[in-house]
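Right, one structure below, let's go through it.
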Amino acid sequence: MDLFEKLRDMKILLIDDDEWIRDSLYLFFESEGCDLLALETAEEGIGALQDQAYDIIIADYKLPGLNGLEFLRQAHKTHSDAIKILITAYGNRKLIAEAQRDGIHDFIQKPFTSETILTSLGRLIETGPKKSTC
């Protein structure tokens, strides 16, 4: 079974305030038949988490209002089994250590490609979300 076959059976939530990234990833996953909800803010994401269970949650670190790390912390309370990925251009050792401690499964540096996301998801789906690769 290839990665997209697995992803088609999963619900994916993406939070990113960059419209280009949000739209690009939405179109990429949609073209492969995947169920991805793309939102602009963490606050919108919290609302989505109340309405639906998600298997994969991807959030940018720098967001207006609540940042992506805090959003993923909150998401962990109701979606502890979900794969959680933090995207950022502001990565440093302190942030990575904090993300690992808070149960974030992977950390993706900007700029990135759709292939970077797929590699991360493939690895996390194969090994299970319990292992942090930050």
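Nothing in this text is a laboratory measurement; each read-out follows from the coordinates by a stated rule. Predicted model, so just to flag it, every value in this text is computed and none were measured. Here Cβ is always computed from backbone atoms with ideal geometry, including for glycine, and neighbour counts include all displayed protein chains.
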Give me the aspartates and glutamates in straight-line cross-link reach of Lys6: C-alpha distance below 13 Å, same-chain residues under 8 apart excluded.
Glu32, Asp35, Asp55, Glu126
Above 11 angstrom, tally the Cα pairs of the stretch 46-96 and express them as a % of all pairs, no decimals.
69
Over the chain, relative contact order from alpha-carbon pairs under 8 Å, at least 6 apart, %:
20
Which FRET efficiency, nearest 0.05, do Lys110 and Glu5 yield, Cβ-Cβ r, R0 41 Å?
0.90
Using the Kirkwood formula over every pair of different C-alpha atoms, what hydrodynamic radius in Å results for the chain?
14.5
Computed [θ] at 222 nm, helices only, for the chain once each DSSP H run of length n ≥ 4 contributes -39500 (n - 2.57)
-14000 deg cm²/dmol
